[in-house]
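Asker: Would you mind keeping the following structure in view while I ask a few things?
The values are calculated or read from the model by the stated rules, or taken from the named source; none is laboratory data. All values derive from a computational prediction rather than experimental measurement. Using ideal geometry, Cβ is built from the backbone for each residue, glycine included, and neighbour counts are taken over all protein chains shown. These area figures cover heavy atoms from the full protein model, side chains too; ligands, DNA and RNA do not enter into them. Shrake-Rupley method; radii C 1.70, N 1.55, O 1.52, S 1.80 Å.
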Amino acid sequence: MSKSAITLDLLRYLSRTRIRGAAITALGASVAAFAPSVAARAQAPAQQQGAAQGVIPELASSNFAWLVVGVDWLDPAPGLGRGPIRPDPAHPYVGNRDRGQQTPHIGNTKDPVLKPWAAKQMQESNDEVLSGKRGLPFSAQQACYPGGVPAQLLTPALPFYFIQTPKQVWMIWETDQQVRRIYMTDKHSENVKPSWYGESIGHYEADGTLVVDTIGLQAANSYLDWFRTPHTEKLHVIERYKLSPDGRTLDVQIQVEDPDTFNEPLYMARRWRKVPNQLLETVCAENNEDHFGQNLFPMPRAVAPDF
């Protein structure tokens, strides 16, 4: 893994073009079509929305966003269960904020939680990078793919926003116009067609925790983390979002179950800080090519034009 490849990785992700004006107006128009009073609700106290259950936390605003640095899961709260997949001990991960030469994510394929097929697939990906066959491993955010659930939450350096209404909660990422919808109901649909973000249902608990339950997640090019931990369409994800008492940070505790991939549930955590940030947009696909011949994963392209 060359230093130039790692630097290219960082540049590809962080040097996206920010677009204001018409792009933001288009986003606002789509939100308006969803609910005419969404903008006002996002800025008004969430408690005024009159949801049927629990205390509604102040997650949404047109003036602030939620930001995190770093791309890896934190360990879960004590007592929840075993944590996320970690680096291969022979190839410890060195990130941009660490001292020393940055390294790619090489996951521990010997983790006993992995089913044999999952360990084999991860090892094949590791070997591609370690052998030099591929300059960088697959990353959804760098290759302009949706991150899926829960890995979209690992998007670093660029913020995301909430829109809260009584019937839906939206999570909107500044990165590449990614939108995830959470339906505030207590039952999943009888037949859920697998998709990038699946079907998410949610509710608020008495202490203001937003609980989200997701099924129906497609598995192609979809992973739990930057170690490329795979899953099947049986993946079931439960997220619990909780504001800190001072409202300055947002934590999530996540439970992941997939009996065809893991021998037991995985638990992981993530924390964002509140930042003053108006809605902006970052475009992934502009000038995001393999200019230095590193055999990077290409961006998804339509087989036929839309018009």
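Asker: Could you please let me know if P104 is part of a loop (DSSP other than H, G, I, E, B) and open to solvent by less than 30 Å² (accessible area, probe 1.4 Å)?
Answerer: Working: part of a loop (DSSP other than H, G, I, E, B): yes; open to solvent by less than 30 Å² (accessible area, probe 1.4 Å): yes.
Considered against the rule, which asks whether it is part of a loop (DSSP other than H, G, I, E, B) and open to solvent by less than 30 Å² (accessible area, probe 1.4 Å), P104 comes out as yes.
Asker: Is it the case, given these coordinates, that P112 is open to solvent by 40 Å² or more (accessible area, probe 1.4 Å), more than 22 Å from the chain's Cα centre (by Cα), within 25 Å of K274 (Cβ to Cβ) and in contact (Cβ under 8 Å) with a residue 24 or more places away in the chain? Steps first, please.
Answerer: On the way: open to solvent by 40 Å² or more (accessible area, probe 1.4 Å): yes; more than 22 Å from the chain's Cα centre (by Cα): yes; within 25 Å of K274 (Cβ to Cβ): no; in contact (Cβ under 8 Å) with a residue 24 or more places away in the chain: yes.
So P112 fails the test.
Asker: Moving on to the next point. Looking at N263, N295, which one is closer than 18 Å to F138 by Cβ and open to solvent by 60 Å² or more (accessible area, probe 1.4 Å)? Working first, answer last.
Answerer: Numbers: N263 fails: closer than 18 Å to F138 by Cβ.
Every option except N295 fails the conditions.
Asker: Yes or no: T229 open to solvent by less than 70 Å² (accessible area, probe 1.4 Å), in contact (Cβ under 8 Å) with a residue 60 or more places away in the chain and of a type in the set (S, T, N, Q)? It would help to see each step written out before you state the result.
Answerer: Numbers: open to solvent by less than 70 Å² (accessible area, probe 1.4 Å): yes; in contact (Cβ under 8 Å) with a residue 60 or more places away in the chain: yes; of a type in the set (S, T, N, Q): yes.
In short, yes.
Asker: Please verify whether S244 is open to solvent by 20 Å² or more (accessible area, probe 1.4 Å), on the phi < 0 side of the Ramachandran plot and not charged (D, E, K, R), treating the condition exactly as stated.
Answerer: Working: open to solvent by 20 Å² or more (accessible area, probe 1.4 Å): yes; on the phi < 0 side of the Ramachandran plot: yes; not charged (D, E, K, R): yes.
Yes: the conditions hold for S244.
Asker: Does Q278 satisfy being open to solvent by 20 Å² or more (accessible area, probe 1.4 Å), farther than 17 Å from W73 by Cβ and touching a Gly at 6+ places or on another chain (Cβ under 6 Å)?
Answerer: Numbers: open to solvent by 20 Å² or more (accessible area, probe 1.4 Å): yes; farther than 17 Å from W73 by Cβ: yes; touching a Gly at 6+ places or on another chain (Cβ under 6 Å): no.
Taking the combined requirement at face value, the residue does not satisfy it.
Asker: Applying the selection to segment 72-90, what residues are touching a strand residue (DSSP E or B) at 6+ places or on another chain (Cβ under 9 Å), assigned to a loop (DSSP other than H, G, I, E, B) and open to solvent by 70 Å² or more (accessible area, probe 1.4 Å)?
Answerer: Selection gives D75, L80, R86.
Quick grid of which residues meet (1) in contact with a strand residue (DSSP E or B) (Cβ under 6 Å, 6 or more places away or on another chain); (2) modelled with pLDDT of 95 or more:
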position: R248; (1), (2): yes, yes
position: T261; (1), (2): no, yes
position: E264; (1), (2): no, yes
position: R271; (1), (2): yes, yes
position: Q294; (1), (2): no, no
position: P298; (1), (2): no, no
position: F307; (1), (2): no, no
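Asker: Kindly check whether there is at least one residue in segment 226-233 that is of a type in the set (K, R), within 15 Å of the chain's Cα centre (by Cα) and either on the phi > 0 side of the Ramachandran plot or assigned to a loop (DSSP other than H, G, I, E, B) (or both). Let's see the steps before the verdict.
Answerer: The initial filter retains those residues of segment 226-233 that are of a type in the set (K, R), namely 228.
Now restrict to residues that are within 15 Å of the chain's Cα centre (by Cα): 228.
Those still in the list that are either on the phi > 0 side of the Ramachandran plot or assigned to a loop (DSSP other than H, G, I, E, B) (or both) too: 228.
Yes; the residues of segment 226-233 include at least one that is of a type in the set (K, R), within 15 Å of the chain's Cα centre (by Cα) and either on the phi > 0 side of the Ramachandran plot or assigned to a loop (DSSP other than H, G, I, E, B) (or both).
Asker: Take D98 and tell me if it is of a type in the set (D, E), exposed (fewer than 14 other Cβ atoms within 10 Å of the Cβ) and part of a loop (DSSP other than H, G, I, E, B). Talk me through it step by step, then tell me what you get.
Answerer: Details: of a type in the set (D, E): yes; exposed (fewer than 14 other Cβ atoms within 10 Å of the Cβ): yes; part of a loop (DSSP other than H, G, I, E, B): yes.
Taking the combined requirement at face value, the residue satisfies it.
Asker: For residues that are free of Cβ contacts under 8 Å to residues at least 60 places away in the same chain and not small (G, A, S), tally how many sit in segment 292-307.
Answerer: Matching residues across segment 292-307 total 5.
Asker: Residue under question is A269, and the condition is that it be touching a residue at least 40 places away in the same chain (Cβ under 8 Å), under 22 Å from L59 (Cα atoms) and open to solvent by 50 Å² or more (accessible area, probe 1.4 Å); does it hold?
Answerer: Details: touching a residue at least 40 places away in the same chain (Cβ under 8 Å): yes; under 22 Å from L59 (Cα atoms): yes; open to solvent by 50 Å² or more (accessible area, probe 1.4 Å): no.
It is false that A269 is touching a residue at least 40 places away in the same chain (Cβ under 8 Å), under 22 Å from L59 (Cα atoms) and open to solvent by 50 Å² or more (accessible area, probe 1.4 Å).
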